[in-house]
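Worksheet: the structure to be examined is printed underneath.
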Amino acid sequence: MDTVANAIDSALVARFAAIVGDPYALTDQADISPYLIEPRGLWHGATPLVLRPGSVGEVSRILRLASETGTPVVPQSGNTGLVGAQVPDASGGQVVLSLSRLNRIREIDVQSNTATVEAGVILQTLQEAADAADRLFPLSLAAQGSCQIGGNLSSNAGGTGVLAYGNARELCLGVEVVLPTGEVFDDLRKLRKDNTGYDLKNLFVGAEGTLGVITAAVVKLFPKPKGREVAFVGSASPQAALDLFSLAAEQAGPGLTAFELIARRAYDFTLRHGAGVVRPLADDWPWYVLMEISSGRSAEDARSLIEDILSAALENGAAGDAVIAASLAQRDAFWAFREALPETQKPEGASIKHDISVPVADIPAFIEKGEEAVHSVSPGARVVCFGHMGDGNLHYNISRPVDGDDEAFLALYKPVNKAVHDVVRSFGGSISAEHGIGQLKRDELIATAPPMAIELMRRVKAAFDPAGIMNPGKVI
């Protein structure tokens, strides 16, 4: 359901601004400009107004006015999304709604292992607050220093902890949402088990702001591990890495808290361009694994477990070489290396990125067939593959040929994208594992998803947002 945006006249701008007060209604384009671009530079929007409400009541009044006047609203949290869901269109007829002032941690409940937080809380702030209470909030991603909880939930964010703890949807127990009509749905409950009707919160988690605005949430906390060991492993192939994963999962069970796969090219890019990164292994390998083992019992237990796993893997060929972090500093350095991977691709020129998932057992076959498909479109293109092997999610990125032209390579975006996604579908996989749909994949979703699925999504959208004001042009 698309809304054709018209220019917002000055009188309407003034009515919206009066809700939040002039200091929190940005109308100067110099102040507005950071809200109109996104990290990859693929979309540039326009708006006469950015609203920064300071309460749920103000959000309610904004959406009520927007529905009454047919004014499209684009919710935005930390503006770290990678599919353009948080960017307004270029018409200048959409209002950006920033949740950054709703930034209170309302409660840390240690006994219930929950935190009640507002949408504008920065992810790292919540991690640190949980840590101070001797608890763990396990959602972890590269943008955690600036992304916000509302955006994490709206995009159903994943990250490196999904293997053990689940993605944002699985970490959420309850939500507070302002509907497009201005009504407030207060479902901030701490219940782990609740079978009373439809699970309404999960309609909003992952909806990318198209059904309403998440203003707060109750999220799960966990006891902090008493032992945590991280190893960097050299591997001969994706199949060998998969064998290592199977071994680690069998021996560690839920103690296997991360398993990241890194291709040699991604590893080399990071050594070449990463600021302050240190080579984890002395020798080069075709593939690498970053593996984390946690124990709720003791540091000694975690150390013993990872040593046993790696000893067995070195003996049976699932690992070629391995180093276990000898200190907290080295452990952090290993993770810093992993988090640097996305940024270190940029100096190598234009890239076409994919956030895909396939069944874990099919990862080696997907990698082989995916490269063949890419080279059928662009023979010199460089596959840069890394990601969360433990949950089947790969960031399957393609850099332009070494001597290629950025513009010419980006002109191949659609055929490269189609080639990769066709392979993904052949394995029963997903074209969006953790980044969402936004603008980037909307047309492809509509064209390739089962027609009944699209119809049901449209019915849900129409039921919640009859005026069509919530983040139009995104998802569906």
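Structure summary
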quantity	calculated
2 or more residues under 22 Å from the mean Cα position of the chain (by Cα) and on the phi < 0 side of the Ramachandran plot: qualifying strands (runs of 3 or more DSSP E) within region 83-139	95-98, 114-118
From ALA207, ALA275, ALA216, residue being aliphatic (A, V, I, L, M) and over 29 Å from SER55 (Cα atoms)	ALA275
TRP335 vs. criteria aromatic (Phe, Trp, Tyr) and farther than 27 Å from GLY404 by Cβ	yes
Residue within region 157-167 that is out of contact with any His (no Cβ under 7 Å at 6 or more places or on another chain), surrounded by fewer than 21 Cβ atoms within 10 Å (Cβ to Cβ) and outside the structural domain of ILE293 (by TED's automatic domain parsing) present	yes
Test: residue in region 287-308 that is without any contact (Cβ under 8 Å) to a residue 24 or more places away in the chain, under 27 Å from the mean Cα position of the chain (by Cα), part of a helix (DSSP H, G or I) and not assigned by TED's automatic domain parsing to the domain that holds PHE386	no
Residue match in region 170-184 (condition: part of a strand (DSSP E or B), within 21 Å of GLY150 (Cβ to Cβ) and either within 18 Å of the chain's Cα centre (by Cα) or at pLDDT below 95 (or both))	yes
All positions within region 408-422 that are closer than 14 Å to HIS375 by Cβ, touching a residue at least 60 places away in the same chain (Cβ under 8 Å) and part of a helix (DSSP H, G or I)	PHE409, VAL416, VAL420
Filter result for VAL460 (touching a residue at least 60 places away in the same chain (Cβ under 8 Å), within 22 Å of GLY159 (Cβ to Cβ) and assigned to a helix (DSSP H, G or I))	no
Residues of region 448-457 that turn out to be more than 18 Å from TYR198 (Cβ to Cβ), of a type outside the set (Asp, Glu) and either at pLDDT 95 or above or assigned to a helix (DSSP H, G or I) (or both), as a count	4
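Matching residues to (1) closer than 19 Å to PRO286 by Cα; (2) polar (S, T, N, Q); (3) surrounded by 20 or more Cβ atoms within 10 Å (Cβ to Cβ):
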position	(1), (2), (3)
ALA329	no, no, no
ALA333	no, no, no
ILE352	no, no, yes
GLU372	yes, no, no
SER376	no, yes, no
ALA381	yes, no, yes
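The values are calculated or read from the model by the stated rules, or taken from the named source; none is laboratory data. In this text the structure is predicted, and so the values were computed from the model without any measurement. Cβ atoms come from the backbone with ideal geometry, glycine included; neighbour counts cover every protein chain shown.
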